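The values are calculated or read from the model by the stated rules, or taken from the named source; none is laboratory data. Everything quoted here is computed from the prediction, not taken from an experiment. In this analysis, Cβ positions are derived from the backbone assuming ideal geometry, glycine residues included, and neighbour counts consider all displayed protein chains.
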Amino acid sequence: MNEATPRVEDAIHSRKSIRAFLPDAIPRAQLEHILRVALRAPSGGNLQPWRLYALTGAARDRLVAAVGEYRKSHPMGDAPEYPVYPPHLNEPYRSRRFLLGEAMYATMNIPREDKAARLAFFARNWEFFGAPVGLIITMDRQMGVGQWADLGMLLQNIMLLARAHGLHTCPQESWSSFHRVIRRELPIGEHEMVFAGMAIGYADSAHQVNSLHSDRAPLEEIVTFVE
Ligand SMILES: Cc1cc2nc3c(=O)[nH]c(=O)nc-3n(C[C@H](O)[C@H](O)[C@H](O)COP(=O)(O)O)c2cc1C
């Protein structure tokens, strides 16, 4: 599972969200290389509207511990700084989200009724699923829809480059619910909005959750060829 896939097409196919990592550290030089190359991402007007905080070692552990402490009084954190999803998802989006959740918990034999077990697994988000590197991604609040798209390109670059280095990732909007704690732990300016986190590390191939392979709508449903 952790073999490198340097060809872009292979990297796209081999990338998937990993939700259980080995604790093995990533050399600082390798992490820096991945991030430096990823920062070649395009952005409208070359604004480069992003900021990244790359947490390793004690800093990563401190954030995880601080969120763990905060969760004792705020189990799901606070309202995110932006609407992560529309309040009422229509079809087909609602079903896609539901099916993803069902498929993920099915890999671990956690039934719908076992809310406690589902929540306990979901809360692993705030431990970066055990990954040794945690990224926190922010954007200046003055930015709008166009720049959100820019941010996505940077994240995808990181995820594909990680694959080229035999590493895996999980992008994590769930971190946005803990922006208050993140702000206490990191030198994030008030003008920055916490968009998401990202776990980076080696996949734990033995963990059932990593057997999940999410579906995609077929090309015919998405693409309209106009000749
Ligand atoms: C911006 C973004 C935020 C995401 N946030 C989370 C998250 O907080 N927790 C999580 O487990 N997965 C998260 N995901 C992963 C998605 O659930 C996943 O990309 C989708 O189900 C497709 O599966 P795949 O990445 O394995 O191909 C996020 C993905 C994106 C692009």
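Go through (1) closer than 23 Å to Ser43 by Cβ; (2) in contact (Cβ under 8 Å) with a residue 40 or more places away in the chain; (3) within 16 Å of the ligand (Cβ to nearest atom); (4) not in a strand (DSSP E or B) for Gly146 and report which single condition fails.
Failing condition for Gly146: (3).
Mind checking which residues of region 156-184 are closer than 17 Å to Glu81 by Cα, surrounded by fewer than 19 Cβ atoms within 10 Å (Cβ to Cβ) and away from the ligand (no atom under 14 Å from the Cβ)?
Arg180, Arg183, Arg184
Determine which member of the set Ala217, Ala196 is assigned to a strand (DSSP E or B) and either closer than 30 Å to Gly144 by Cβ or more than 15 Å from the ligand (Cβ to nearest atom) (or both).
Ala196
Among (1) more than 11 Å from the ligand (Cβ to nearest atom); (2) under 14 Å from Glu173 (Cα atoms); (3) outside any loop (DSSP other than H, G, I, E, B), which single condition is Asp78 missing?
Answer for Asp78: the failing condition is (3).
Considering only region 89-99, I want to know if a residue exists there that is within 24 Å of Ala131 (Cα to Cα) and of a type outside the set (D, E, K, R).
Taking every residue of region 89-99 in turn, none turns out to be within 24 Å of Ala131 (Cα to Cα) and of a type outside the set (D, E, K, R).
Name, by its number, the condition in (1) surrounded by 14 or more Cβ atoms within 10 Å (Cβ to Cβ); (2) within 11 Å of the ligand (Cβ to nearest atom); (3) more than 14 Å from the chain's Cα centre (by Cα) that does not hold for Arg118.
Among (1) surrounded by 14 or more Cβ atoms within 10 Å (Cβ to Cβ); (2) within 11 Å of the ligand (Cβ to nearest atom); (3) more than 14 Å from the chain's Cα centre (by Cα), the lone unmet condition for Arg118 is (2).
For region 81-115, name all the residues that are within 13 Å of the ligand (Cβ to nearest atom) and in contact with a strand residue (DSSP E or B) (Cβ under 8 Å, 6 or more places away or on another chain).
Tyr82
Quick test of your reading of the structure: Ala65 fulfils all but one of (1) closer than 23 Å to Ile188 by Cα; (2) assigned to a helix (DSSP H, G or I); (3) touching a helix residue (DSSP H, G or I) at 6+ places or on another chain (Cβ under 9 Å); (4) more than 13 Å from the ligand (Cβ to nearest atom). Name the failing condition by number.
(3)
Could you tell me whether region 172-189 includes any residue that is basic (Lys, Arg), touching a residue at least 24 places away in the same chain (Cβ under 8 Å) and touching a His at 6+ places or on another chain (Cβ under 9 Å)?
Kept after step one, since they are basic (Lys, Arg), are these residues of region 172-189: 180, 183-184.
Restricting the remaining residues to those that are touching a residue at least 24 places away in the same chain (Cβ under 8 Å) gives 180, 184.
With touching a His at 6+ places or on another chain (Cβ under 9 Å) added as a condition, the list becomes 180.
Yes.
Kindly provide the set of residues from region 1-50 that are among the charged types (D, E, K, R), within 16 Å of the ligand (Cβ to nearest atom) and either modelled with pLDDT under 95 or surrounded by fewer than 16 Cβ atoms within 10 Å (Cβ to Cβ) (or both), ordered by number.
Glu9, Asp10 - these are the residues of region 1-50 that are among the charged types (D, E, K, R), within 16 Å of the ligand (Cβ to nearest atom) and either modelled with pLDDT under 95 or surrounded by fewer than 16 Cβ atoms within 10 Å (Cβ to Cβ) (or both).
Any residue at all in region 213-221 that's at pLDDT 95 or above, crowded, with 19+ Cβ neighbours inside 10 Å, under 30 Å from Pro92 (Cβ atoms) and of a type in the set (A, V, I, L, M, F, W, C)?
No, because not a single residue in region 213-221 is at pLDDT 95 or above, crowded, with 19+ Cβ neighbours inside 10 Å, under 30 Å from Pro92 (Cβ atoms) and of a type in the set (A, V, I, L, M, F, W, C).
Are there any pairs with C-beta distances below 9 angstrom linking a residue in region 5-24 that is touching a residue at least 12 places away in the same chain (Cβ under 8 Å) and closer than 24 Å to Gly57 by Cβ to a residue that is buried (at least 16 other Cβ atoms within 10 Å of the Cβ) and acidic (Asp, Glu), with the two at least 6 apart or on different chains, and if so which?
Ile18/Asp204; Ala20/Asp204; Phe21/Asp204; Leu22/Asp204
Conditions: (1) over 20 Å from Arg19 (Cβ atoms); (2) surrounded by fewer than 21 Cβ atoms within 10 Å (Cβ to Cβ). Ala196 meets all but one. Number of the miss?
All conditions are met except number (1).
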